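Enquirer: Dumping the structure here so I can ask a few things about it.
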Amino acid sequence: LTNNPSFGLYVTAVDGREADSTSEYWALWHNGEYAACGIGCLPVEAGDVVSLILTTFDQAESERTNVRVIALVETEEEPGEGTPGDGSGGAVQSFDLPTAYDFLKEGQDTDGSWNSELVTDWSAFALAASGAPAGMKSRLVSYLKEEEPDFESVRDYERHAMALMALGINPYTGGPSDYITPIVESFDGKQIDEPGIMNDDVFALIPLLHAGYGKEDEIIQETTAFIVDEQNGDGSWEGSVDMTAATIQALSQVRSLPGVQAALADAESYLREEQEADGGFGDPFATSWVLQAIEALGDSPADWKVGENTPLTYLAKVQAEDGGMKTTPDDYDTRAWATAYAIPAAKGLTWDDILRDFKKPVGTTTESEDASDGENATTTEDVLSVAFDEPLIAPYFATSTLAIAPEARVTAVTTPEPPVNDSVTEEVTDADGIIETPPNELVAGAGESGAWEWFKRMLGGFWSFVMELFS
């Protein structure tokens, strides 16, 4: 902070990133709007979000840090008025983020991982938010880029893809394997992986929507429809608070799809019914996910009060002195897992907020329309590897453009018209589209009955080429 005699207090640096005073500044925002007052006089309430956005003098925005006001804490109290957080009066206890990070740091190995794959992946979400001790994030990034986990299910791929994307690692190419394609390949046309299990469908939507897939894609539409259909009459999914909260986060990204808005409203009603007198939802795991669901719904924790308690004050009450969450069982791995959940929740960050966006690799296609209709036929590409010694001029088929040279890649682009010769189409698609064919076999593929017509067209094309060359 800098105190200017004319302007008062203002922020000059955030997390060590100092603004260049000749071209940029840290702009102050309050609940999504440009602040009407500086940092020294800005009035705030519990649940408010204060944002600091690095902004150029041309109003181009880049880095952003969001700060959630968890509670208003009294700086002074009279003796005998109660202790913080005991419910008998006095200051409101707040969640201590620095000690929570210190608790996670205690269990991080030198290679950047934790003892459990679950803790390792979920810690990525905590470290993606600002405020982590120096070195923790970079060590985990290096580990995730190099280490190949031992996966047993599609759900493992989903969680790990999310962890990579949280830290800005490409889930297709940034690690030892492609972690998105196994998710896509488990789609059966209606839902993901195991029928009757919701978890794999919900946690497929979240990474896929940040990996180049959108609401227009069949896999997103059908999976969303399956999830909506599986909602219980009470508004829950699987009668579970944490599963319902996770599903809210997933569906909030596809609100415009059929049935989603009504499903979200019913799910919110269910969660409100399940909230307990202490403001929480039974344990820090479920409460953390509900906090993120509240953000995804566009609400504030202050809107979810039971008496004076909110989900945020609950998290603060179940945080131990060492910074970790109190859990049952109370071993380090379980507590670290819950703490990794709690940090982004306390900072007001949803999974959608945390995950970076990545494009599909070149050549990846999604068929979202029925190609059997000529007007809606999709375009596909097959690669034909042809081995021969001399250049060859090939026939111009109505459905293909073949440009052949020694060891050339031949692209066949399908159009709505039916192929002239089925034998060529069958040969191109054989063995996943990759074949080795001598020149005489390729020519014969045109069909002996059409050889003369092909020869005339070949001569005509060659003559046109010569005339154009010398014109």
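Bear in mind these aren't lab numbers, they're just calculated from the coordinates by the rules spelled out. Worth saying up front: this structure is predicted, and the values here are computed from it rather than measured. No Cβ is skipped: glycine too gets one built from the backbone with ideal geometry, and neighbour counts run over all protein chains shown.
Enquirer: Per-residue counts of other Cβ atoms within 10 Å, averaged by peptide: what ranking do you get for 184-190, 54-60, 289-295, highest first?
Expert: 289-295, 184-190, 54-60
Enquirer: If we sort 162-175, 213-226, 140-153 on the protection proxy, mean other Cβ atoms within 10 Å, highest first, what's the order?
Expert: 162-175, 213-226, 140-153
Enquirer: Which ordering of TYR101, TYR25 is given by a fewest-first count of other beta-carbon atoms within 10 Å?
Expert: Final ranking by Cβ density, sparse to dense: TYR25, TYR101.
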